[in-house]
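Okay, structure first, notes after.
The values are calculated or read from the model by the stated rules, or taken from the named source; none is laboratory data. On a predicted model such as this, the values are computed, not experimentally measured, just so you know. Note that we place each Cβ from the backbone using ideal geometry, even for glycine, and neighbour counts take in every protein chain shown.
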Amino acid sequence: MWGKVLADYLPGIFLCLLFILPGQIKLAGHESYITFCHLENEAAFTCSADHTIRKWDVVTGQCLAIYRGHTSIVNRILVAKDYLFSGSYDRTARCWSVDKEKQIQEFRGHRNCVLTLAHYSSRDVLEEEEEEEEEKVSRDLLVTGSTDCTVKVWWVSSGRCYQTLLGHTGAVLCLILDAPNRELFSGSTDYTIRTWNIVTGEQLKVFKEHQGSVICLELVNRHLYSGSADRTVKCWFVDTGERIQTYKAHKHSVSTLKYHAGILFTGSGDACARAFNSRSGVLQKIFRGHKFIINCIQIHNELLYTASHDGTLRIWDIRGICKRNKRRLKKERSVQGRSSQKGSLSRLFNNKVGCMIQQEDGEHEAVELM
């Protein structure tokens, strides 16, 4: 059963990772397919069905480190501070030292595979008097979502489970934190999104209108955007639970989301990225060029970066779209920095990775990210 769920809804299944670099450098070394990739500064981290995680130099393609210890497919990885976190079919999540290739901690307690991860510090959500004495030295917490339908919160220093959040009736596919408001949002194959108090574990709200699994989430200024296997994105007002807008036009599951300057950008299993006016829901542009599902979107300096299972990273000029939303840009800029989830694919634009940029005439020109 879960094999079908993972095949249908989870991003990251491709046989090799290929960046378009001068000389066509290929990151080869895994003995099976790669399930997820995380770019951090000048390094790429990949996890695989071969049970390992690897760190790569994205300029040379050299493998810099191998992290061994999982006993089954590694589904997801997350880099935060000097930590590397991983979740696996072996029912565990693990914490590694990025530099020493050494496992620091194991988080054991889920009854099935760990699919999604998030990270935060207790300083973000707890008053000092609320913290447990033994955890005051190391205040990092890891959040895990699993096919056992639960979300768990763990102290990184001890590996002890701090909270188990019960309520979902399907696999938990995505998580996003709003630490200042002490809220966690989770999306599931039970077609719902649930909001939790990250401190008490209390379930606050359930969002129920999707007709398919909820695959990805984005939170901006108390507006929650959810992408689903039902081929839509929905926007919710978090404080009331009201659905404000539905974004259609996708021909396959919506796999990734990013909000920028009044525009909602989406990536889909139909290999296209799209730009919607976030307020009206009107489709403004379709970005065609990838061959397979788009699993990651990043935006910097009015350029759209899309990463796909076809192994390529592409850049698109979105200045025209942003110009039309200039008035809204000024209003949203102040909240944009607070809306990003900790531990997400970060600083993508800092990597020196070759890619393609679409010109006005529709042609693509190879460029290098500096």
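Conditions (1) crowded, with 16+ Cβ neighbours inside 10 Å; (2) modelled with pLDDT of 80 or more, marked per residue:
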{"residue": "Phe19", "(1), (2)": "yes, no"}
{"residue": "Cys37", "(1), (2)": "yes, no"}
{"residue": "Lys55", "(1), (2)": "yes, yes"}
{"residue": "Gln62", "(1), (2)": "no, yes"}
{"residue": "Arg68", "(1), (2)": "no, yes"}
{"residue": "Ser72", "(1), (2)": "no, yes"}
{"residue": "Leu78", "(1), (2)": "yes, yes"}
{"residue": "Thr92", "(1), (2)": "yes, yes"}
{"residue": "Thr116", "(1), (2)": "yes, yes"}
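Leu304 meets the stated requirement of being under 21 Å from the mean Cα position of the chain (by Cα), modelled with pLDDT under 90 and in a strand (DSSP E or B). Could you grab me the full set of residues in the range 260-280 that are farther than 22 Å from Phe36 by Cβ and buried (at least 18 other Cβ atoms within 10 Å of the Cβ)? Scanning the range 260-280 gives His260, Ala261, Gly262, Ile263, Leu264, Arg274, Ala275, Phe276, Asn277, Ser278. Is there a residue being crowded, with 24+ Cβ neighbours inside 10 Å and assigned to a strand (DSSP E or B) anywhere in the range 204-215? Looking for residues that are crowded, with 24+ Cβ neighbours inside 10 Å and assigned to a strand (DSSP E or B), one finds at least one in the range 204-215, hence yes.
Per-residue answers, yes or no, for (1) under 16 Å from the mean Cα position of the chain (by Cα); (2) within 22 Å of Phe276 (Cα to Cα):
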position	(1), (2)
Asp148	no, no
Lys152	no, no
Thr169	no, no
Phe185	yes, no
Val220	yes, yes
Arg243	no, yes
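Residues of the range 54-75 that are under 24 Å from Thr147 (Cα atoms) and either in contact with a Ser or Thr (Cβ under 6 Å, 6 or more places away or on another chain) or acidic (Asp, Glu) (or both): Arg68, His70, Ser72, Val74, Asn75.
Rundown of residues vs (1) assigned to a strand (DSSP E or B); (2) of a type in the set (Lys, Arg); (3) in contact with an Asp or Glu (Cβ under 6 Å, 6 or more places away or on another chain), yes/no style:
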{"position": "Trp236", "(1), (2), (3)": "yes, no, no"}
{"position": "Thr240", "(1), (2), (3)": "no, no, no"}
{"position": "Gln245", "(1), (2), (3)": "yes, no, no"}
{"position": "His250", "(1), (2), (3)": "no, no, no"}
{"position": "Leu257", "(1), (2), (3)": "yes, no, yes"}
{"position": "Asp270", "(1), (2), (3)": "no, no, no"}
{"position": "Arg274", "(1), (2), (3)": "yes, yes, no"}
{"position": "Asn295", "(1), (2), (3)": "yes, no, no"}
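Checked against (1) surrounded by fewer than 15 Cβ atoms within 10 Å (Cβ to Cβ); (2) at pLDDT 95 or above; (3) not hydrophobic (A, V, I, L, M, F, W, C), Thr147 meets all criteria but (1).
Scan the range 196-225 for residues that are closer than 19 Å to Leu115 by Cβ and among the hydroxyl-bearing types (Ser, Thr, Tyr) and the total you get is 1.
State yes or no: is Ser188 among the polar types (S, T, N, Q) and more than 16 Å from His119 (Cα to Cα)? Spelling it out, Ser188 is indeed among the polar types (S, T, N, Q) and more than 16 Å from His119 (Cα to Cα).
Name the single residue, out of those in the range 270-322 being among the β-branched types (Val, Ile, Thr) and in contact (Cβ under 8 Å) with a residue 40 or more places away in the chain, that is farthest from Gln245 (Cα to Cα). Filtering first and then ranking leaves Thr312. Say whether the condition of being modelled with pLDDT under 90 and touching a helix residue (DSSP H, G or I) at 6+ places or on another chain (Cβ under 6 Å) is met by at least one residue in the range 263-280. No; the residues of the range 263-280 include none that is modelled with pLDDT under 90 and touching a helix residue (DSSP H, G or I) at 6+ places or on another chain (Cβ under 6 Å). Just so you know, in the range 218-234 the residues that are out of contact with any Leu (no Cβ under 8 Å at 6 or more places or on another chain) and either part of a loop (DSSP other than H, G, I, E, B) or among the polar types (S, T, N, Q) (or both) include one that is surrounded by the most Cβ atoms within 10 Å (Cβ to Cβ), and it is Ser228.
There is no residue in the range 127-140 that is at pLDDT 95 or above, surrounded by 15 or more Cβ atoms within 10 Å (Cβ to Cβ) and in contact with a strand residue (DSSP E or B) (Cβ under 9 Å, 6 or more places away or on another chain).
Within the range 94-113, count every residue that is touching an Asp or Glu at 6+ places or on another chain (Cβ under 6 Å), under 14 Å from Val156 (Cβ atoms) and modelled with pLDDT of 95 or more. Result for the range 94-113: 1. Set side by side, the residues Thr92, Thr35, Thr60 differ, and just one is of a type in the set (Val, Ile, Thr) and more than 27 Å from Leu165 (Cα to Cα), which is Thr60. Among the residues of the range 174-191, are any among the acidic types (Asp, Glu), in contact (Cβ under 8 Å) with a residue 24 or more places away in the chain, touching a Phe, Trp or Tyr at 6+ places or on another chain (Cβ under 8 Å) and part of a strand (DSSP E or B)? The answer is yes; a qualifying residue exists.
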